[in-house]
Amino acid sequence: MNQRIEAVRKIIKENRLDGLFITKQQNWQYLSGFTGTNAILLFTPFDNYFITDFRYLEQAHLETEGFHIVEPRTLVEDTLVDQVNGLGLTRVGFEGDNLTYTQYVDYKEKTPGVELVSLNQAVEKIRQVKDDREITALRKAVSIADMAFDYILNFIRPGVSESEIALEIEHFMKKQGAQKSAFDIIVASGRRAALPHGVATDKELAAGELVILDFGAVFAGYHSDMTRTVVIGKPDPDQKRIYDIVLTAQKRALDTLKPGIRCSDTDRAARDFIRAKGYGANFGHGLGHSVGLEIHEKPALAPKDDTVLQPGMTITVEPGIYLSNWGGVRIEDLVLVTGSGCEVLSASPKELLVL
Ligand code: ZN
Ligand code: ZN
C-alpha cells in the first residue's frame with residue numbers, strides 16, 4: 001500500500017471512523033493520481049473506492065491503482081450516498097473545510113443514521129512534506145518561470161502595457177511545457193507597484209518606474225511562484241535604497257530557514273529588519289506560503305504560524321515594501337527545506353536589474 005493511502009488509514013483510525021470521503025480536487029488528485037475534474041474518494045478501514053461520472057470512467061481505470069471503481073450514477077454525490085448506505089457505514093469523516101453547508105445538509109438527509117464527522121486540513125497535512133516526485137515537478141515548474149523571466153527582460157520597455165507583458169509571459173511558459181499560469185500574472189508598474197496583488201492592466205510602462213512581476217507555471221499539477229522587481233532606466237536613490245532593504249530582508253530570512261525552525265521565526269527575521277529600517281507598516285502581508293498542488297498551501301511564513309519546518313516542505317520567501325503614490329518592491333523565491341538548511345529553487349538574478 002502506498003504511503004499516502006497509509007496516512008489516510010491513520011486518519012481513519014485516529015478519528016475512530018469507519019469511512020472517510022474526500023471531495024477536494026487537489027486531495028483526491030494527490031491520493032489517487034486521477035487528473036480529471038470530477039471525483040470523490042471513499043475510504044474504509046480496509047478498502048478504497050473511486051467515484052466519478054461516466055465521462056471519466058475510462059480515464060479512472062487508466063490513471064488510478066488500488067481503488068474499486070464504483071459503477072457511476074449521474075451525480076457523484078448520489079453514487080457516494082449509495083455507497084455509504086450500501087456498506088452500512090456509521091461514522092464517516094468528510095472535509096469540513098471543503099463542503100458547502102448545502103451539500104452537508106443534503107448528505108445528512110440522504111444518509112440517515114450515519115454520523116458525519118467534520119475534519120479540517122487532514123489530507124492537506126499529509127501534503128505539506130513533498131516527496132521526490134513532487135519535488136521534481138516543482139523544480140520543472142520553477143525552471144519554466146525562470147526561463148520566462150529571462151525571456152521577458154528583452155520585452156520590457158517604455159510604452160509596452162502590463163497586460164502585453166503578462167500575455168507574453170503566459171504564452172512563453174506554455175510553449176516551454178507549462179499546463180497553465182499558476183495564477184493571474186501580476187505586473188504592477190509605477191504607482192501600481194504599491195498594490196501587492198496588482199494584476200496586469202492596460203497601463204503602459206514609463207521610464208523611471210519600478211515594475212513588479214509576480215508569476216509562476218503549473219507543471220504536472222505543481223505550481224511555481226516567483227517575484228522580481230525591475231526598474232526602467234536608472235533607479236533613483238530611494239528606489240535603490242528600498243530595493244536593498246527588501247533584498248537584505250529576504251537574505252536574512254533565507255539564512256534562518258532550516259528544519260526545526262518555526263515559520264514565525266523566519267517571518268520575524270525579515271520583518272524585524274524591515275521594521276528597523278522604518279518600513280514595518282509598509283510590509284503588510286506574510287513573508288511566504290507553501291506551494292504544491294495549490295498555489296497557497298500551509299504552513300505559511302507568518303507571525304502567527306508556529307509550524308515547525310521539516311525537510312521536504314516547499315515554501316516562498318517574499319518580503320515587500322509598498323508605499324502609496326510611490327510604488328513598491330517585492331522579491332520572491334521558492335525554497336525547498338532540506339535536511340540541514342534550505343535550497344533556493346528559483347535561479348533568476350536578484351540584483352536590481354536596470355532595463
Ligand atoms: Zn508570487
Ligand atoms: Zn507567493
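Some points to look at:
- Between S118 and T74, the contour length at 0.36 nm per residue exceeds the Cα-Cα span by 13.3 nm.
- Principal semi-axes in Å for region 181-288 [√(5λ), Cα gyration tensor, largest first]: 25, 21, 11
- Over every Cα atom in the chain, the radius of gyration and the widest Cα-Cα span, Dmax, amount to 22.9, 72 Å.
- Length added when fully stretched, D236-V129, from 0.36 nm per residue minus Cα-Cα: 34.3 nm
- Estimated FRET transfer efficiency (Y104, T248; beta-carbon r; R0 41 Å; 0.05): 0.25
- Helix 3-14 and the long axis of the chain differ in direction by around 60°, with both axes built from C-alpha atoms.
- GNM flexibility winner over the chain from L75, L31, L293 (Cα, springs under 10 Å): L75
- Relative contact order, percent, the chain [alpha-carbon distance under 8 Å, six or more residues apart]: 14
- Three-way shape label, region 219-278, alpha-carbon gyration tensor, a/c 1.5: oblate
- For K130, K277, the ranking by accessible surface with the largest value first comes to K277, K130, using a 1.4 Å probe.
- Per-residue extension of 0.36 nm, minus the Cα-Cα distance of K175 and E65, leaves a gain of 36.5 nm for this segment.
- Taking every DSSP bridge with both residues inside region 132-354, close to 95 percent are antiparallel.
- Max mean-square fluctuation residue, GNM over the chain, Cα-Cα springs under 10 Å, options E164, E109, E294: E109
- Angle in degrees between helix 101-110 and the longest Cα principal axis of the chain, rounded to the nearest 10: 10
- Spherically averaged projected area of the convex hull of Cα atoms, region 44-201: 13.7 nm².
- Under Karplus coefficients 6.51, -1.76 and 1.60, residue-wise ³J(HN,Hα) of region 335-352 in Hz, glycine/proline x: 10, 9, 6, 9, x, 10, x, 8, 10, 7, 6, 5, 10, 5, x, 10, 6, 5
- In the elastic network of the chain, a GNM with C-alpha springs shorter than 10 Å, the most mobile of K174, K13, K258 is K13.
- Amide H within-cut-off set for S348, under 5 Å, with H built and near neighbours excluded: none
- Taking 29 Å as the limit for the C-alpha separation, the pairs K10/K130; K234/K277; K180/K304; K108/K304 exceed it in the case of K180/K304; K108/K304.
- Shape call, region 253-298: gyration tensor on alpha carbons, a/c limit 1.5: oblate
- Accessible area of region 1-150 divided out per residue, in Å², using a probe of 1.4 angstrom: 51
- Ligands, DNA and RNA left out, the 1.4 Å accessible surface of the chain is 51% carbon and sulfur atoms.
- In the complete set of protein chains, residue-level accessible area for R73 is approximately 110 Å², probe 1.4 angstrom.
- Of the three principal axes defined by the Cα atoms of region 90-138, the extents in descending order read 45, 21, 14 Å.
- With all protein chains kept in place, the per residue accessible area of region 260-355 amounts to 38 square angstrom at a probe of 1.4 angstrom.
- Convex hull per residue volume in Å³, alpha carbons only, for region 208-355: 103
- Rounded tilt (10° steps) of 162-175 against the dominant C-alpha axis of the chain: 50
- Residues in region 80-87 carry Karplus couplings, in order, of 4, 4, 4, 5, 4, 5, x, 7 Hz; the curve used is 6.51 cos²θ - 1.76 cosθ + 1.60 with θ = phi - 60°, and Gly or Pro positions show x.
- Euclidean distance of C-alpha centroids, region 1-34 and region 90-129, integer Å: 12
The values are calculated or read from the model by the stated rules, or taken from the named source; none is laboratory data. Keep in mind that what you see is a predicted model, and the values were worked out from it rather than measured. All Cβ positions, glycine included, derive from the backbone under ideal geometry; neighbour counts span all protein chains shown. We work out accessible area using only protein heavy atoms, side chains counted, and drop any ligands, DNA or RNA first. Shrake-Rupley method; radii C 1.70, N 1.55, O 1.52, S 1.80 Å.
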